[in-house]
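The values are calculated or read from the model by the stated rules, or taken from the named source; none is laboratory data. Because the structure is predicted, anything quoted here is derived from the model rather than measured. Virtual Cβ from ideal backbone geometry, glycine too; neighbours counted across all protein chains shown. Note: accessible area is taken over every heavy atom of the protein model, side chains too, but ligands, DNA and RNA are not part of it. Shrake-Rupley method; radii C 1.70, N 1.55, O 1.52, S 1.80 Å.
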Amino acid sequence: MERADTSFVWAPTAGQTKPYPHAPSHIGDAATEGYECLARNHYRAAIMLTRAVIEATAKHKGIANGNLFQKIDALRDIGVIRAHICDGAHGIRKLGNDMAHGDFTDPITKEDATAAITMMGVILDEVYTAHSIISTVTASADQRKQVLHTGG
């Protein structure tokens, strides 16, 4: 370090990042990056990443054909997300549509980006976290039932 008077700011701070441990790493990492973009006031980038995370989630669940509208509806149709979560995913899709096609004329607010990031987290919880927790609870209940049944 050549200059002792130089101050450093480490980013992101603990409050500016969020892991998504139940999602596949390529999806969780992109979601975390979107969250960090929001914390750094990069609202367009945050919304674009939320939109991409939804598409990556659909692909991970085997939905590779069609546009994002169709993929979101397919997530609902196969029971991966519930109807009101589907509506939120479409909200993110609509927020990011203009930007995805290079139309940056409308301003993006912190509130827009915060809503998109929050909804993205709800979607990831719906698709990955809830299913992980359900599997854990079901396995525990099955194991308990087996132990009680066998007397072991």
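A few remarks follow.
- The set of residues from the stretch 113-152 being β-branched (Val, Ile, Thr) and within 18 Å of THR57 (Cβ to Cβ) comprises ILE117, THR118, VAL122, ILE123, VAL127, THR129, ILE133, ILE134.
- Yes/no for ALA31 being buried (at least 17 other Cβ atoms within 10 Å of the Cβ) and either at pLDDT 95 or above or closer than 15 Å to TYR128 by Cα (or both): yes
- Within the stretch 91-126, the residues that satisfy the criterion of being assigned to a helix (DSSP H, G or I), over 15 Å from MET48 (Cβ atoms) and open to solvent by 70 Å² or more (accessible area, probe 1.4 Å) are LYS110, GLU111, THR118, ASP125.
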